[in-house]
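*Asks:* The structure that follows is given in the form of structure tokens.
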Amino acid sequence: MRILVRTPNWVGDTVMCLPLLERFESRYPDAELHLLAPRGPAELLQGYGTVHQFTSRRDSNRVARSIRGFDLGVSISGSWTTAINLLMADCRRRVGPRREARLLFHKTVPLPPPGSEHIIQNYLRLDGAAELTDGIPEPRFRIDLKEQEQLLRKANIDGGRPYWILAPFAAYGPAKELPLDRWEQLARRLSADGCTVVIAGTADERNRLPDESFAGCVMAFGMYGLREWAIVMSGATGMVGNDSGLTHMAAAAGTRTTVGFFSTTPKWSRPIGPSVQVLYRPLDCSPCHQKVCPLGTLACMDEWPAGKFVAAVTGQ
């Protein structure tokens, strides 16, 4: 039996689909599991079947046509693009959530309203799990860690002393981002405690961070790919970030993770891992799921002034 799973496009969603892939492996132990994934997030799927990467929407159909011939195809998001990918891959039976592209599936899975359960539980329903009684399973990376020492040297991180990773930005928008003065105070505190502070983000985000405020920190913007970041995170003392893909990666790497939720809700998308702390203050307007605060106040972040934020992370 050959199974093709079209995985999500976003990093955090890719991490959260790992328990579903484990479920397929358990349910179909003799099957060939293939994954169609965008370049970047595809790096995090190492060890889960055969991964086929694409670079764009058009390229996803080209790659799908090149691997034609599957007994079962599963779309995790249920979008038109992913459903068409399964058609191009000649999946004889297609399954997806009951969403926009439901007419292209042989079987659709009804899902509860968004936010009523965790996304991981949503995904597990695609395996036919109508009753989810075992809690929320933790995503687990299967990435080879043998490159860790080499990757630490690449950024001049001293692996002999504890290091923390801070990710102050979120690709989604500023409504997810705690103001930089909180991060500055946290970096100073961790440095004073004898820890190396590594700032994570994309190359484009580097210009948003004032050098004078984070003197002495390791600026690792754009330095690693996603798989490499997962390896680096696995050796960190802790990781702190907003609701973003990097915090989901840290939790899946088994790292102590603190994540702030502001415009979104932890009930729907909090990282799941062995040591995850969520910072959240629900307001009447929460969650708004907006990229920019529609009220212009960012009141959901006022609960976390610098002192309280630092104390929550360090436990002191």
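*Asks:* In which sequence would His289, His248 go, from the one with the fewest C-beta neighbours within 10 Å to the one with the most?
*Replies:* Numbers: His289 14, His248 30.
Ordered by Cβ neighbours within 10 Å, fewest first: His289, His248.
*Asks:* Compute the relative contact order of the chain as a whole-number percentage, counting only Cα pairs closer than 8 Å that sit 6 or more residues apart in sequence. All intermediate terms of the calculation are to be shown ahead of the outcome.
*Replies:* Details: 612 pairs, mean separation 50.2, N = 316.
Once divided by the residue count of the chain, the mean separation gives 16 percent.
*Asks:* Now, a different point. If the only charges are +1 at each Lys and Arg Cβ and -1 at each Asp and Glu Cβ, what is the size of the charge dipole of region 97-172 around the Cα centre, to the nearest 20 debye? Don't skip to the answer; put the middle values down first.
*Replies:* Numbers: 11 positive and 10 negative charges, 53 e Å.
Taking the Cα centre of region 97-172 as origin, the dipole is about 260 debye.
*Asks:* For Lys308, give me every one of the aspartates and glutamates with a C-alpha distance below 19 angstrom, ignoring sequence neighbours fewer than eight places off in its own chain.
*Replies:* Glu177, Asp181, Glu184, Asp193, Asp243
*Asks:* Once every DSSP H run of n ≥ 4 in the chain is given -39500 (n - 2.57) and the sum is divided by its residues, what mean residue ellipticity at 222 nm do you get, rounded to the nearest 500 deg cm²/dmol? Could you put the intermediate results ahead of the total?
*Replies:* Values: 11 runs with 91 residues, N = 316.
The helix-only estimate for the chain comes to -8000 deg cm²/dmol at 222 nm.
*Asks:* Arrange the peptides 142-154, 197-209 so that the one whose residues have, on average, the most other Cβ atoms within 10 Å appears first.
*Replies:* Numbers: 142-154: 14.2, 197-209: 16.8.
So the peptides 142-154, 197-209, ranked by packing, come out 197-209, 142-154.
*Asks:* Give the residue list of trypsin sites (Lys or Arg not before Pro) in region 41-134 that are DSSP loop and have at most 14 other beta-carbon atoms within 10 angstrom. Walk me through the numbers on the way to the answer.
*Replies:* Details: sites: Arg57, Arg58, Arg62, Arg65, Arg68, Arg92, Arg93, Arg94, Arg98, Arg99, Arg102, Lys107, Arg125; in loops: Arg68, Arg92, Arg93, Arg98, Arg99.
Answer in residue order: Arg68, Arg92, Arg93, Arg98.
*Asks:* Specify which residue in the list His248, Thr81, Tyr48 is farthest towards the positive end of the charge dipole of the chain, using unit charges on the beta carbon of Lys, Arg (+1) and Asp, Glu (-1), about the Cα centre.
*Replies:* The residue sitting most towards the positive pole is Thr81.
*Asks:* Would you indicate which of [x] -0.75, -0.88, -1.29; [y] -0.91, -1.09, -1.72; [z] -0.84, -0.97, -1.33 is the value of log10 I(q)/I(0) by the Debye sum over Cα atoms at q = 0.12, 0.13, 0.16 Å⁻¹ derived from the coordinates of this structure?
*Replies:* From the options [x] -0.75, -0.88, -1.29; [y] -0.91, -1.09, -1.72; [z] -0.84, -0.97, -1.33, the structure gives [z].
*Asks:* Using the charge dipole of the chain (Lys, Arg: +1 at Cβ; Asp, Glu: -1 at Cβ; taken about the Cα centre), state which of Pro97, Pro112, Met301 has its Cα farthest towards the positive end.
*Replies:* Pro97
*Asks:* Starting from the amide H of Arg2, placed 1.01 Å from N in the peptide plane, find each other amide H under 5 Å away whose residue is 5 or more places distant or on another chain.
*Replies:* Here the answer is Glu32, Asp71, Leu72, since their amide H atoms fall under 5 Å of that of Arg2.
*Asks:* For the chain, give the magnitude of the charge dipole about the Cα centre (Cβ charges: +1 Lys/Arg, -1 Asp/Glu; no others), in debye to the nearest 20.
*Replies:* Numbers: 37 positive and 32 negative charges, 197 e Å.
I would put it at about 940 debye.
*Asks:* Quick one: Debye curve from the C-alpha atoms of region 236-316, no solvent, what's log10 I(q)/I(0) at q = 0.12, 0.20, 0.25 Å⁻¹?
*Replies:* -0.34, -0.89, -1.22
*Asks:* Rounded, prolate or oblate: which fits region 161-316, taking a ≥ b ≥ c as square roots of the Cα gyration tensor eigenvalues, rounded meaning a/c under 1.5, else prolate when a/b beats b/c?
*Replies:* Details: a/c = 1.43, a/b = 1.33, b/c = 1.08.
Rounded, since a/c falls under 1.5.
*Asks:* Right, here's the next one. Amide H to amide H under 5 Å from Gly260: which residues, 5+ apart in sequence or cross-chain, H placed 1.01 Å off N in plane?
*Replies:* Amide H neighbours of Gly260: Gly241, Asn242, Asp243, Leu279.
*Asks:* Taking region 84-222 on its own, what percent of its Cα-Cα pair distances exceed 23 Å?
*Replies:* Details: 5726 of 9591 pairs.
So the pairs more than 23 Å apart make up 60 percent of the total in region 84-222.
*Asks:* Now for a different question. Magnitude of the Cβ-charge dipole of region 168-251, K/R +1 and D/E -1, about the Cα centre, nearest 20 debye? Walk me through the numbers on the way to the answer.
*Replies:* Numbers: 7 positive and 10 negative charges, 30 e Å.
Charge dipole of region 168-251: 140 debye, to the nearest 20.
*Asks:* How large is ³J(HN,Hα) for each residue in region 44-57, as worked out from phi by the Karplus curve 6.51 cos²θ - 1.76 cosθ + 1.60 (θ = phi - 60°), to whole Hz, x for Gly and Pro?
*Replies:* Result, ordered by residue: 7, 9, 3, x, 10, x, 9, 9, 10, 9, 9, 10, 7, 4 Hz.
*Asks:* Using 13 Å as the cut-off for backbone N distance, which residues of region 253-297 belong to the label zone defined by a point 7 Å from the Cα of Asp193 along Cα→Cβ?
*Replies:* Under 13 Å, as judged by backbone N against the label point of Asp193, lie 256-258 of region 253-297.
*Asks:* Using the Karplus curve 6.51 cos²θ - 1.76 cosθ + 1.60 with θ = phi - 60°, work out ³J(HN,Hα) for each residue of region 296-310 in order, rounded to whole Hz, and write x for Gly and Pro.
*Replies:* x, 10, 6, 4, 5, 9, 5, 5, 10, x, 3, x, 5, 4, 5
*Asks:* Now for a separate question. Considering only DSSP beta bridges where both residues belong to the chain, give the percentage that are antiparallel (nearest 5).
*Replies:* Numbers: 0 of 39 bridges.
Counting DSSP beta bridges with both partners in the chain, the antiparallel share is about 0 percent.
*Asks:* Residue separation times 0.36 nm, minus the C-alpha to C-alpha distance between Arg206 and Ala171: what's the value? All intermediate terms of the calculation are to be shown ahead of the outcome.
*Replies:* Working: separation 35, 0.36 × 35 = 12.60 nm, distance 1.29 nm.
This chain segment gains 11.3 nm when fully extended.
*Asks:* How much length is gained on full extension from Glu147 to Arg65, taking 0.36 nm per residue of separation minus their Cα-Cα distance?
*Replies:* On the way: separation 82, 0.36 × 82 = 29.52 nm, distance 3.41 nm.
The Glu147-Arg65 span can extend by a further 26.1 nm.
*Asks:* Also, I was wondering about something else. Where is the GNM fluctuation largest for the chain (alpha-carbon springs, 10 angstrom cutoff): Pro274, Pro113, Pro38?
*Replies:* Pro113
Computed from the coordinates by the stated procedures, all read-outs in this text should not be read as laboratory data. Everything numeric here is computed off the predicted structure, so don't read it as measured data. Glycine gets a Cβ as well: all are built from the backbone with ideal geometry, and neighbour counts include every protein chain shown.
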